[in-house]
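Worksheet: the structure to be examined is printed underneath.
The values are calculated or read from the model by the stated rules, or taken from the named source; none is laboratory data. The model shown is predicted, which means the values in this text are computed figures rather than measured ones. No Cβ is skipped: glycine too gets one built from the backbone with ideal geometry, and neighbour counts run over all protein chains shown. Areas reflect the complete protein model, heavy atoms only, side chains present, ligands, DNA and RNA absent. Shrake-Rupley method; radii C 1.70, N 1.55, O 1.52, S 1.80 Å.
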Amino acid sequence: INELLYDPSPGNDVNQDGEASTIQDEFVEIVNTGVSSLDLGGYQITDLSGNFFEFPAGTMISGNEAILVFGGGNPAATLNGVSTFVGGPSLNNSGDTITLLDSSFAQVDQVVYGDNSSDDESLNRSPELAGDFQPHTSIAGSVGSESPGTDVTGASFGDPLPSLKL
């Protein structure tokens, strides 16, 4: 789990289906940080209320690529060059725990967030793919209030990521 948007700003049509919705435009972004393709068939994204989304059999994600799960609506099959799905868990604005389970129900990743973590913008890992979750606009180089399917700068994950020097 690299990015999640639980509180889209009113009027922002994040899934680009022609209708801005504070529920349907919520999303969870999953990124395969490996180099080999991965079969997500049977993997689930769950929340504390018991809502879940299960990836259909045969859902593949290539290495260094993302996949998006929106809360609803009718987005195109791809957005920003990545596959989209609909029917994710309900991302509560007051806080929640979002868990990615593999097809054997083993936990792959988990994000816990509280209320007021990030109003009207997504939470994104910083540094990208590895760090803790931060409000999108607080991350150096970020473009916009969310970046579904891309890194915070709008580049694809297949592109070289900026290096971090300490």
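Numbers at a glance
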| read-out | value |
| --- | --- |
| Failed criterion for residue 145 (all others in (1) under 12 Å from the mean Cα position of the chain (by Cα); (2) in contact (Cβ under 8 Å) with a residue 60 or more places away in the chain hold) | (1) |
| Selection from segment 127-158 of residues that are farther than 21 Å from residue 11 by Cβ, open to solvent by 40 Å² or more (accessible area, probe 1.4 Å) and of a type in the set (Gly, Ala, Ser) | 130, 138, 140, 141, 156, 158 |
| Residue check for residue 79: touching a Pro at 6+ places or on another chain (Cβ under 9 Å) and closer than 14 Å to residue 30 by Cβ | yes |
| Residue within segment 119-139 that is charged (D, E, K, R), in a loop (DSSP other than H, G, I, E, B) and closer than 23 Å to residue 36 by Cα present | yes |
| Residues of segment 1-23 satisfying the condition of being touching a residue at least 60 places away in the same chain (Cβ under 8 Å) and among the small types (Gly, Ala, Ser) | 9 |
| Of all residues making up segment 64-112, the number that are in contact (Cβ under 8 Å) with a residue 60 or more places away in the chain, open to solvent by less than 30 Å² (accessible area, probe 1.4 Å) and more than 14 Å from residue 45 (Cβ to Cβ) | 3 |
| In segment 86-109, residue nearest to residue 15 (Cα to Cα) [restricted to those that are touching a Leu at 6+ places or on another chain (Cβ under 7 Å) and part of a strand (DSSP E or B)] | 98 |
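For every residue, the table says whether it meets (1) more than 24 Å from residue 134 (Cβ to Cβ); (2) buried (at least 23 other Cβ atoms within 10 Å of the Cβ).
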position	(1), (2)
9	no, no
14	no, yes
20	yes, no
26	no, yes
37	yes, no
46	no, no
59	yes, no
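Listed here are the residues, each with its yes/no results for (1) at pLDDT 95 or above; (2) in contact with a Ser or Thr (Cβ under 6 Å, 6 or more places away or on another chain).
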| residue | (1), (2) |
| --- | --- |
| 3 | yes, yes |
| 9 | no, no |
| 19 | yes, no |
| 44 | yes, no |
| 80 | no, yes |
| 88 | no, no |
